[in-house]
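Visitor: Quick one: structure below, then a few questions.
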Protein chains: 2
Amino acid sequence: MAARVDLSGTEVSALARLEDRPREVRRGAVLQRENERGNDLYVVRRGVLMSYVLLDDGSRQILRFHFRGDMIGMPGMIYGRSPETIAALSDAEVCQFDRAALSRLFEDHPRLAALILVLNQVERVALTDRLAALGRTSAKARVAALMLDMRNRMRAGDPSVVDTYTLGLTQEEIGDATGLTAVHVNRMLRQLEEDGLIAREGGRVTIRDERALARAANYVDRFEGLELGWLPAAR
Amino acid sequence: MAARVDLSGTEVSALARLEDRPREVRRGAVLQRENERGNDLYVVRRGVLMSYVLLDDGSRQILRFHFRGDMIGMPGMIYGRSPETIAALSDAEVCQFDRAALSRLFEDHPRLAALILVLNQVERVALTDRLAALGRTSAKARVAALMLDMRNRMRAGDPSVVDTYTLGLTQEEIGDATGLTAVHVNRMLRQLEEDGLIAREGGRVTIRDERALARAANYVDRFEGLELGWLPAAR
DNA sequence: CGTGTCTTTGACGATTGTCAATGTACGTGG
DNA sequence: CCACGTACATTGACAATCGTCAAAGACACG
């Protein structure tokens, strides 16, 4: 948040209080399970996590990947039971806090409350972009979009990432995120590679032609163009 | 909102102030256009609207249908330009208000701010349900889910709706919402009718076997089970 | 009555899924 | 160090779902 807005001293310490309960999560561990109680929120401090749902034929849809700074678990907090499972894709560290802490934040820091709303809306737009991708673009475009999006989100948390990064996903997970089968994901990755748009070796992906990849993917970067001048005053 | 929480007098009047600028929208009219400025918010008072995006091959993805009580335009308020188009599916009435009004609401009424966050999360979960439907369910299931969802949302605003309702969508629009072509939507509607799950005549849909329809659709009603005891105190 | 939009239907084709087999890397225990 | 097992990637053949194209029917509206 601090990257976007000048926070006041009391705001900084209010946010710091939210992050005083760090918790380690191992790769593969489940932080919150679908249909079970889970009323706490988490902020990702390190690592990558994902949310997914399981359908009753056993198939899985990955809803979202979570990176450093993301606030997760809000749907579980709103509903009595979590509508989705949250699991760690890598070893990760999260900071846990509860409903009461969020409630106090809303009372004492209207600007931070509004910023949380803004982050929610950024996530909403990312979800609708993905909705449009699943509904209206080809398998190749969806895989290309995922390659670009993961690069951008990793770069946001680590500026040393430029064109090459460690994806950290199996092809089955890519398929579960893009609505494809693992086999077809493999075909699409090969095609992207043959077209010279990406390169792969040992779990690392290199973007070779960003322009063409973005074109193939219908990609729009949604972290541009936020307007935050209207927020309430700091407290 | 009032259906879920006992609002205080000042809260009621704060909400009423948001709704003091009613505006009529004709069927087919566009309230906010993709990529154009549109920083105001709206609450739907009457009628049905939709949000959609256009892809550069000309195809359309309908993101969401908006009914009475929905707050719309938030993505456009956050970004300088709206990421989606909002258009009226029927004659409708909306109440317009601006960023400053929302900002004041956050300052003066933390509980209402938290409620807005809750409504945002309900919408988020609805979007992820649709994401899972597009990614992992068959054409038939998606159409079935739309039939059920539209019924439920109409019933929420008009308790006289039980099993029969006026859909108010062309088959092309159903396709743009479910990620299908109009032709295939037609085939799926016919199948649902032949299976005895729905009936159709003259733009009106009747749900004949709700249980089976819900099973065919993987449907979960997400307006159950909200827990709001943690909200800040009223002001 | 004519025009345009929407629905319906059939034939055909393309994209994507399914199944099955093989290859490869990596970790674990002997 | 080697053997083995497991998870993941790759490939090919085939099938199913869904899209495309085209034409005709239904319906509302001026």
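Read-outs: derived from the displayed coordinates by stated rules, not from any lab. It should be emphasised that the depicted structure is a prediction, and the values quoted were computed from it without experimental measurement. Cβ: placed from backbone, ideal geometry, glycine included. Neighbour counts: every protein chain shown.
Visitor: Find every distance from the label point of B:Gly80 to the corresponding label point in the other copies (7 Å from Cα along Cα→Cβ) and write them in nm, one decimal, shortest first.
Guide: So the distances to the same position in the other copies read 4.7 nm.
Visitor: In Å³ and rounded to a whole number, note down the convex hull volume per residue for the Cα atoms of the protein assembly as shown.
Guide: Numbers: hull volume 67.5 nm³, N = 470.
Once divided by residue count, the hull of the protein assembly as shown is 144 Å³.
Visitor: Hey, how much of the P(r) for the stretch A:156-197 falls beyond 13 Å, as a percent of Cα pairs? Could you put the intermediate results ahead of the total?
Guide: Values: 534 of 861 pairs.
Of all Cα-Cα distances in the stretch A:156-197, 62 percent exceed 13 Å.
Visitor: In Å and on Cα atoms, what radius of gyration and Dmax does the stretch B:138-217 show?
Guide: Considering the stretch B:138-217 through its Cα atoms, Rg and Dmax are 11.5, 33 Å.
Visitor: Another one. For chain B, what relative contact order do you get, as a whole percent, if you take Cα pairs closer than 8 Å and at least 6 residues apart?
Guide: Details: 382 pairs, mean separation 48.8, N = 235.
Averaging sequence separation for qualifying contacts and normalising by length gives 21 percent for chain B.
Visitor: First obtain the Kirkwood hydrodynamic radius of the stretch A:106-149 from its Cα pairs, then insert it into the Stokes-Einstein equation at 25 °C and 0.890 mPa s, and state the resulting D in µm² per second as a whole number. Kindly include the intermediate steps, with their values, before the conclusion.
Guide: Details: Rh = 12.2 Å.
The Stokes-Einstein estimate is 202 µm²/s.
Visitor: What's the FRET efficiency of A:Ala212 with B:Ser13 using the Cβ-Cβ distance as r and R₀ = 51 Å, to the nearest 0.05?
Guide: The calculated FRET efficiency here is 0.35.
Visitor: For the stretch B:9-109, what relative contact order do you get, as a whole percent, if you take Cα pairs closer than 8 Å and at least 6 residues apart?
Guide: Numbers: 225 pairs, mean separation 42.2, N = 101.
Answer for the stretch B:9-109 is 42 percent.
Visitor: Under a crude label model (7 Å from the Cα following the beta-carbon direction), how far is B:Arg26 from B:Glu201 in nanometres?
Guide: Rounded to a tenth, the inter-label distance reads 3.3 nm.
Visitor: How large is the dipole of the protein assembly as shown about the Cα centre if only Lys and Arg carry +1 and Asp and Glu carry -1, each at its Cβ, rounded to the nearest 20 debye?
Guide: On the way: 68 positive and 68 negative charges, 25 e Å.
Charge dipole of the protein assembly as shown: 120 debye, to the nearest 20.
Visitor: Counting only Cα, what are the radius of gyration and maximum Cα-Cα distance Dmax of chain A, in Å?
Guide: 18.5, 55
Visitor: Principal axis extents for the stretch A:59-151, Cα atoms only, whole Å, descending order, please.
Guide: That works out to 47, 27, 26 Å along the principal axes.
Visitor: A further question follows. For a quick check of your reading of the filter: which GluC sites (Glu not before Pro) in the stretch A:1-58 sit in a DSSP loop and have no more than 15 other Cβ atoms within 10 Å? Walk me through the numbers on the way to the answer.
Guide: On the way: sites: A:Glu11, A:Glu19, A:Glu24, A:Glu34, A:Glu36; in loops: A:Glu19, A:Glu34, A:Glu36.
Answer by residue number: A:Glu19, A:Glu36.
Visitor: Between copies, how far does the label point of B:Asp6 sit from its twins, in nm, shortest first, when each point is 7 Å from Cα along Cα→Cβ?
Guide: Output for B:Asp6: 4.4 nm, nearest copy listed first.
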